[in-house]
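Undergrad: To start, I am sharing the structure in question, which I have written as structure tokens.
What follows is calculated from the coordinates using simple rules that are stated; it is not laboratory data. Given the structure is predicted, the values throughout are model-derived calculations rather than measurements. Neighbour counts run over all protein chains shown; Cβ positions are idealised from the backbone, glycine included.
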Amino acid sequence: MKKRFLYIGLAAALTASCASSGVLRPLAEAGGFEMLGVIRVEFESYLKGEKLNDEAYFYLLESAIQQFKGNIDIREISWYKEGTDVSARGVVIRPNPMGRVETSLERAAEQIMASLQPSAKIAIVYVSSIDAESAEFIAGELEYIMVNNGFIIIDRNQLDRIRQEQNFQLSGEVDDETALSIGKIVGASIIITGTVTGSDATRRLRLRALHTQTAQVAAAASEKL
């Protein structure tokens, strides 16, 4: 059997079926992504087990690259083998880093909110990251999540005005003493700070909630990005 491939539209992906050795590279492990469709390939192989899994992934990705531009990957791989003839199928996705950030942020926010009283007046003082766009996205989304869960959140424009009036730096990370001072000025009982650290496999989002009067940690969360 010569190698050949067939692209299947996204709608067909939802109903397609094929005999399988088991689902490899589950979508659940992909984080944020855009689903582009399904690719199917047929090829000959004398391999078995993990080596056949790797070969199926290689051929599926090779075929998908001919159909789609940009950064793509293959998930939900399944294959059926009879003799040396192999038929493999996989879902084509495009990773979405912001989608992964959003998923991790939702988990971290849940951990923080579980330890806070809804009546608390909260100031999200800063989120620091080498990527300013990610920091702004996290701060804005965290505010949105908490407001929609009934928490009282001090407007970020007010925080920026106070920081400017008090000659605090306007962006990036500040020390706890400065963050607590900002919280007290705006009348917050809780301040929240966040950092994005590491890179690649070690990249993490960390959130902390501090009591403004005691400086004690009210809640903390750490999620892989």
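Undergrad: Please arrange 74, 192 by how many other C-beta atoms lie within 10 Å of their C-beta, fewest to most. Walk me through the intermediate numbers first.
TA: Details: 74 24, 192 27.
The order, fewest Cβ neighbours first, is 74, 192.
Undergrad: Using a Förster distance of 35 angstrom, determine the FRET efficiency expected from the C-beta separation of residue 68 and residue 199, and round it to 0.05.
TA: Numbers: r = 26 Å, r/R0 = 0.76.
Rounded to the nearest 0.05, the efficiency is 0.85.
Undergrad: Quick one: work out Rg over Rh on the C-alpha atoms of segment 49-165, Rh as Kirkwood radius.
TA: Details: Rg = 22.5 Å, Rh = 18.2 Å.
Over the Cα atoms of segment 49-165, Rg/Rh equals 1.24.
Undergrad: Suppose the chain between residue 177 and residue 94 were pulled fully straight at 0.36 nm per residue; how much longer would it get relative to their current alpha carbon spacing?
TA: Values: separation 83, 0.36 × 83 = 29.88 nm, distance 4.21 nm.
Going from the current span to full extension adds 25.7 nm.
Undergrad: Using only the Cα atoms of segment 100-171, build the gyration tensor, take square roots of its eigenvalues as a ≥ b ≥ c, and label the shape rounded, prolate or oblate: rounded if a/c is under 1.5, else prolate if a/b is larger than b/c, else oblate.
TA: Working: a/c = 2.44, a/b = 1.23, b/c = 1.99.
In terms of gyration-tensor shape, oblate.
Undergrad: Turning to a different aspect of this structure: What is the extension gain from residue 28 to residue 149, computed as 0.36 nm multiplied by their sequence separation minus the C-alpha to C-alpha distance, in nm to one decimal?
TA: Details: separation 121, 0.36 × 121 = 43.56 nm, distance 2.55 nm.
Between residue 28 and residue 149, full extension yields 41.0 nm more.
Undergrad: Please sort by residue number the trypsin sites (Lys or Arg not before Pro) in segment 31-72 whose DSSP state is loop and whose Cβ has at most 11 other Cβ atoms within 10 Å. Can you show the working numbers first?
TA: On the way: sites: 40, 48, 51, 69; in loops: 48, 69.
Taking segment 31-72 and a limit of 11 other Cβ atoms within 10 Å, the loop trypsin sites (Lys or Arg not before Pro) found are 48, 69.
Undergrad: Can you compute the label reach from residue 184? Point 7 Å from Cα along the Cβ direction, backbone N cut-off under 18 Å, restricted to segment 103-129.
TA: Only 121-126 pass the distance filter.
Undergrad: To make sure I understand the rule: partners must be aspartates and glutamates, Cα under 20 Å from the Cα of residue 51, and not fewer than 8 residues away in the same chain. Which ones qualify?
TA: Within reach: 42, 62, 73, 76, 82, 85.
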